[in-house]
1. Can you tell me which residue in region 68-92 is surrounded by the most Cβ atoms within 10 Å (Cβ to Cβ), limited to those that are closer than 22 Å to ASP28 by Cβ and among the aromatic types (Phe, Trp, Tyr)?
2. How many residues are farther than 14 Å from THR35 by Cβ, touching a strand residue (DSSP E or B) at 6+ places or on another chain (Cβ under 8 Å) and of a type in the set (A, V, I, L, M) when one looks only at region 51-109?
3. Is region 72-94 home to any residue that is charged (D, E, K, R), at pLDDT 90 or above and in a strand (DSSP E or B)?
4. For residues in region 3-37 being in a loop (DSSP other than H, G, I, E, B) and touching a strand residue (DSSP E or B) at 6+ places or on another chain (Cβ under 6 Å), which is nearest to ARG83 (Cα to Cα)?
5. I need the full set of residues from region 38-55 which are assigned to a loop (DSSP other than H, G, I, E, B) and either under 18 Å from THR76 (Cβ atoms) or within 17 Å of the chain's Cα centre (by Cα) (or both), in order please.
6. Identify, please: which residue in region 1-53 is polar (S, T, N, Q) and modelled with pLDDT of 85 or more and is, among those, surrounded by the most Cβ atoms within 10 Å (Cβ to Cβ)?
Amino acid sequence: MQEESGIILKPDAFRLAALINIDMGPGDPGIMLFTFVAETVEQETGSSEEGVPDWHRIDRLGELPLVEDLPWLIPTVVNETPRGAVRFIRYSYEADGSLKIEETPQNFA
């Protein structure tokens, strides 16, 4: 977090919110993505080689040029995943190249 944004957080500030298996098709082992959420009152960010991070409202993500899963993933893990729960998600691609998102049903009650 510090390297990418300049924000310093203690390790216990992070919580695992989702495990995402990205199926890349036959013959490819795919990718396992571990998705963490953290909270901070820090507002100042710093730049890195990748660019300058900026804060955006979750309800406005659809207006930004993001990779196709982020407008769904970010509100799901931030607003809809109870603290202590972990979502199990599988991404795959249809024949037309569109992203298919499947989630293992869970009871978060």
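1. TYR91
2. 1
3. Yes, region 72-94 contains at least one residue that is charged (D, E, K, R), at pLDDT 90 or above and in a strand (DSSP E or B).
4. The initial filter retains those residues of region 3-37 that are in a loop (DSSP other than H, G, I, E, B), namely 6-10, 23-30.
Still in the running and touching a strand residue (DSSP E or B) at 6+ places or on another chain (Cβ under 6 Å): 9, 23, 30.
Values: LEU9: 18, ASP23: 27, GLY30: 28 Å.
If we take residues in region 3-37 being in a loop (DSSP other than H, G, I, E, B) and touching a strand residue (DSSP E or B) at 6+ places or on another chain (Cβ under 6 Å), then LEU9 is nearest to ARG83 (Cα to Cα).
5. Let us first name the residues in region 38-55 that are assigned to a loop (DSSP other than H, G, I, E, B), namely 39-47, 49-50, 52-55.
GLU39, THR40, PRO53, ASP54, TRP55 - these are the residues of region 38-55 that are assigned to a loop (DSSP other than H, G, I, E, B) and either under 18 Å from THR76 (Cβ atoms) or within 17 Å of the chain's Cα centre (by Cα) (or both).
6. Quick first cut of region 1-53, residues polar (S, T, N, Q) only: 2, 5, 21, 35, 40, 43, 45, 47-48.
Checking the rest, the ones that are also modelled with pLDDT of 85 or more come to 21, 35.
Numbers: ASN21: 14, THR35: 17.
Checked region 1-53; the qualifying residue surrounded by the most Cβ atoms within 10 Å (Cβ to Cβ) is THR35.
Listed here are the residues, each with its yes/no results for (1) touching a Phe, Trp or Tyr at 6+ places or on another chain (Cβ under 9 Å); (2) of a type in the set (Val, Ile, Thr); (3) touching a residue at least 24 places away in the same chain (Cβ under 8 Å).
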site: LEU16; (1), (2), (3): yes, no, yes
site: ASP23; (1), (2), (3): yes, no, yes
site: ASP28; (1), (2), (3): no, no, no
site: ILE31; (1), (2), (3): yes, yes, no
site: ALA38; (1), (2), (3): yes, no, yes
site: PRO65; (1), (2), (3): no, no, no
site: ASN79; (1), (2), (3): no, no, no
site: PRO82; (1), (2), (3): yes, no, yes
site: PHE88; (1), (2), (3): no, no, yes
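The values are calculated or read from the model by the stated rules, or taken from the named source; none is laboratory data. Given the structure is predicted, the values throughout are model-derived calculations rather than measurements. Cβ: placed from backbone, ideal geometry, glycine included. Neighbour counts: every protein chain shown.
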